[in-house]
Amino acid sequence: MTVDICALGIDVGSTTVKIVGVDAAGNLAWHFLDQAGPRVEDQVDEFLARARQAAGKPDNLPLVATGYGRGLVHQATRKVTEITCHARGIYREFQHGGTLVDIGGQDSKVIGIGPKGDVVDFAMNDKCAAGTGRFLENSARHLRVPLERIGSVALSTTEEVVISSTCTVFAESEIISLIAHGVAVEPILRGLHRSLIKRIVAMVRTVGLVSPLMLSGGVAQNPAICRMLEEETESKVILPREPQLMGAHGAALMALGMGWSVLTPASGET
Ligand code: ADP
């Protein structure tokens, strides 16, 4: 059975690759997600083949690429920054502005979105892993807790260890030392989440918090992140239905709005 897909958006992230197909009204009609592989171009080919198969159309679906590796999506009509695409995706979902926090695998962003969906300001951390999903992923590995459970394990206690290291590598040594001193996994995990959230909140303060506070990116699926962000900012946090797909959905909406053909040569960044 084919799906009604009129345009595609692909988000080539540092950790995962996401592709979204939208129908003529811009609704999310189809998606596919996988861990980012070492050969981006081959992976993009495979994703596009899946999209064509799902749509039952051999070609001519307009495509916008976003994300860290968007430069390698040669089939894209246009390449657009994650900032713009996340703002588009989130505005489509909520139909209002506010402050968006996007936490991905290797970077995090805070985006101020105006009442009409325009980007008014942003801050980005792509230099330090300590403010990203990678920080928690590495820690989870040391603590032998599956990634999908780290949030609920962190929330299962009120005890919290203060993680003093400001760098992922040193934090790993600190975790190893805490384990060696018999400290339980739960308060360590809670402290690690707190450390990440404090970094994010510092970025939120730089951009300025305009309610509501919204959360996107793969890390938004971690319940402790949402809860602790609410605690630290004393603001309610709202989540879209598919937080990890917001960038790809925004890209697909741009492809739909612009109606470019995949045969048109890719132009510069926006
Ligand atoms: P990017 O776009 O930078 O590749 P994503 O937005 O796809 O990143 O987010 C990937 C990150 O999301 C990974 O670091 C992973 O740790 C985290 N993540 C994905 N699913 C979950 C989950 N269920 N619980 C906690 N973290 C998750």
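General observations
- Peptides 152-161, 239-248 ordered by average Cβ neighbours within 10 Å, highest first: 239-248, 152-161
- Options Thr158, His74, Phe47, ranked by Cα towards positive dipole end of the chain, top entry (Cβ charges): His74
- Within the accessible area of the chain (1.4 Å probe), percent carbon and sulfur: 53
- For region 61-191: rounded, prolate or oblate by the Cα gyration tensor [a/c cutoff 1.5]: prolate
- The chain, relative contact order [Cα under 8 Å, separation at least 6], %: 28
- Taking 1.567 mPa s as the viscosity and 4 °C as the temperature, the Stokes-Einstein diffusion coefficient of the chain based on its alpha-carbon Kirkwood radius rounds to 68 µm²/s.
- Shown here for region 131-240: trypsin sites (Lys or Arg not before Pro) in loop regions (DSSP other than H, G, I, E, B) with at most 16 other Cβ atoms within 10 Å, namely Arg144, Lys236.
- Whole-Hz couplings from phi, Karplus 6.51/-1.76/1.60, listed for region 109-115; x for Gly and Pro: 9, 10, 10, x, 10, x, x
- Accessible area per residue for the chain is 45 Å², calculated with a 1.4 Å probe on protein heavy atoms, without ligands, DNA or RNA.
- When its C-alpha radius of gyration is set against 2.2 N^0.38 Å (N residues), region 179-239 gives a value of 1.25.
- Pairs of Lys in the chain closer than 17 Å at Cα, counting only those 8 or more apart or on different chains: 5
- Residues with amide H under 5 Å from that of Asp121, placed H, sequence gap 5 or more: Gly112
- In the chain, the longest principal axis of the Cα atoms and the axis of helix 168-180 are about 40 degrees apart.
- Scaled against 2.2 N^0.38 Å for its residue count N, the alpha carbon radius of gyration of region 44-138 is 1.26.
The values are calculated or read from the model by the stated rules, or taken from the named source; none is laboratory data. Note that the structure is a prediction, hence the values are computed from the model and not measured. We place every Cβ from the backbone using ideal geometry, glycine too, and count neighbours over all the protein chains shown. The area values use the complete protein model at the heavy-atom level, side chains included, leaving out ligands, DNA and RNA. Shrake-Rupley method; radii C 1.70, N 1.55, O 1.52, S 1.80 Å.
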